[in-house]
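Everything below concerns the one structure shown next.
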Amino acid sequence: MRFDYLVVGSGLYGATFANLVHAAGKSVLVVDKRPHVGGNVYTERVKGINVHKYGSHIFHTNNKVVWDYVNRFATFNRFTNSPVANYKGEIYSLPFNMYTFNRMWGVTTPEEAVAKIDEQRKAFVITGPKNLEEQAISLVGTDIYEKLIKGYTEKQWGRDCKDLPAFIIKRLPVRLTFDNNYFNALYQGIPVGGYTKMVEQMLEGIDVRLDVDYLEHKSEFDALAEKVVYTAPIDAYFGYKLGYLEYRSVRFETELLDKPNFQGNAVVNYTDRETPWTRIIEHKWFEFGKDEQGNDLPKTVISREYSSEWKPGDEPYYPVNDDKNEGLYAKYKKLAEQEKNVIFGGRLAEYKYYDMDQVIAASLDAVSQQI
Ligand code: UDP
């Protein structure tokens, strides 16, 4: 049997693509290297708790089309991400807002906060921030940079803040209001019952084969379909022939604890340089600590996240979008453009620090060019 599309990878890009072309009457086969669907949004149920197996995923978007689309497959709860930063035992609100400024400097009004930030950014003359350090100081001053950004960022990226692109820190809002909502998004939440269930809904009625390594059997699979949608790392597709793109990987140490509450919040970031993990996720709080019947869950599951440089065999999580890697990616992209029957999409195939909604938007766009 021949398919119109072979989709490699069942994460959000692949699942969205497969869902929509299938709905348009095309035949589609989805393959995934892992024993489950969902890519890194996969959640696994442990003692009634949906554990975000490959790191926490909080859906947020300003894109109404994307929001309406995902709501066809899941009901989203009202979870709002309000991470806490722990700097050597001092607790700060994130993102950077009036609660953070009050705790840091004792200021109580927006004017006082602005004055404090201005004083600190003036002391550090910046003419157009060229890197993450300059961008951070120009946004929030040196105290916040030193306590809440520098250590976390250097652990997360394994690089000096001066060697990282400024855009990474612009993901975080800076607010002169008392508002701990991490995202500037109109819509936000976690799919009730977990992301796995949502992706399974998207793939309903579609032929999915798991534990399949496409690149190992490329010619056999290519012969099965008119077009390929490839969502795995772009450099792997080309056998790394131009060299390796750099990624950051993450190792999770997950524990089931016999207590109802470990840290009182879904996300606690450890922003000092010495603590070896970047953050601890307490998964039950993404769903308010309740089971589906609304009962309090007696146990809890936590994951400590350790960031590391990716090496062959590891799972890639974050592209490192510095100049060196962007240059190499541009060369791979040129090769990709010559693959007329292959669509490269998603965080790994486009080497982009995409959020979930951006991945879905990109996939919707790719589909619209097909049908
Ligand atoms: N960041 C930081 N301190 C924090 C949280 C984030 O300095 O407490 C910086 C860090 O450089 C990080 C970036 O902001 O890589 C983006 O953080 P985000 O929470 O968006 O990362 P993700 O959830 O995608 O890992």
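Using the alpha carbon gyration tensor of the range 9-160, what are the three equivalent-ellipsoid semi-axes (square root of 5 times each eigenvalue), largest first, in whole Å? Kindly include the intermediate steps, with their values, before the conclusion.
Values: eigenvalues 329, 66, 58 Å².
For the range 9-160, the semi-axes come out at 41, 18, 17 Å.
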Residues whose built amide H sits under 5 Å from the amide H of residue 7, excluding neighbours closer than 5 in sequence, are 29, 30, 31, 229
Please say if the range 287-371 is rounded, prolate or oblate, where rounded means a/c under 1.5 for a ≥ b ≥ c the square roots of the C-alpha gyration tensor eigenvalues, and otherwise the choice is prolate for a/b larger than b/c and oblate otherwise? oblate
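In terms of the Cα gyration tensor, with a ≥ b ≥ c the square roots of its eigenvalues, is the range 1-67 rounded because a/c is under 1.5, prolate because a/b exceeds b/c, or oblate? Mind showing how you got there, number by number?
Details: a/c = 2.83, a/b = 1.44, b/c = 1.96.
Oblate, since a/c reaches 1.5 and b/c is not below a/b.
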HN-Hα J couplings of the range 192-200 from phi, Karplus 6.51/-1.76/1.60, θ = phi - 60°, integer Hz, Gly and Pro as x? 4, x, x, 5, 4, 4, 4, 5, 4
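Based on alpha-carbon atoms only, what is the radius of gyration of the chain relative to the globular estimate 2.2 N^0.38 Å?
On the way: Rg = 21.6 Å, N = 371, 2.2 N^0.38 = 20.8 Å.
This ratio for the chain stands at 1.04.
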Which FRET efficiency, nearest 0.05, do residue 274 and residue 77 yield, Cβ-Cβ r, R0 45 Å? 0.80
Per-peptide average of other Cβ atoms within 10 Å, ordering 239-245, 225-231 highest first: 225-231, 239-245
Most mobile of 316, 260, 165 in a GNM of the chain (Cα contacts under 10 Å): 260
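At 0.36 nm per residue, minus the direct Cα-Cα distance, what do residue 212 and residue 91 gain on full extension? Give it in nm, one decimal, please. All intermediate terms of the calculation are to be shown ahead of the outcome.
Details: separation 121, 0.36 × 121 = 43.56 nm, distance 4.50 nm.
Here the answer is 39.1 nm.
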Picking from 22, 52, 60, which is most flexible by a Gaussian network model of the chain using Cα springs under 10 Å? 22
For the range 212-217, in order, what is each residue's ³J(HN,Hα) by Karplus, 6.51 cos²θ - 1.76 cosθ + 1.60 with θ = phi - 60°, in whole Hz (x at glycine and Pro)? 10, 9, 4, 5, 6, 10
Please list, in chain and number order, the residues 5+ apart from residue 225 or on another chain whose amide H is under 5 Å from its amide H, with Hs placed from the backbone. 3
Compute the angle between helix 323-337 and the longest alpha-carbon principal axis of the chain, please, reported from 0 to 90 degrees and rounded to the nearest 10. 20 degrees
Using r as the Cβ-Cβ distance of residue 103 and residue 126, and R0 as 25 Å, what FRET efficiency do you calculate, to the nearest 0.05? 0.50
Can you give me the distance in nm between label points at residue 220 and residue 63, each placed 7 Å from the Cα along the Cα-to-Cβ direction? 3.5 nm
Add -39500 (n - 2.57) for each DSSP H run of 4 or more in the chain, then divide by its residues: what number comes out at 222 nm, to the nearest 500 deg cm²/dmol? -8000 deg cm²/dmol
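Bear in mind that the values in this text are calculations on the coordinates, not laboratory data. All values derive from a computational prediction rather than experimental measurement. All Cβ positions, even for glycine, are placed from backbone atoms using ideal geometry, and neighbour counts span all protein chains on display.
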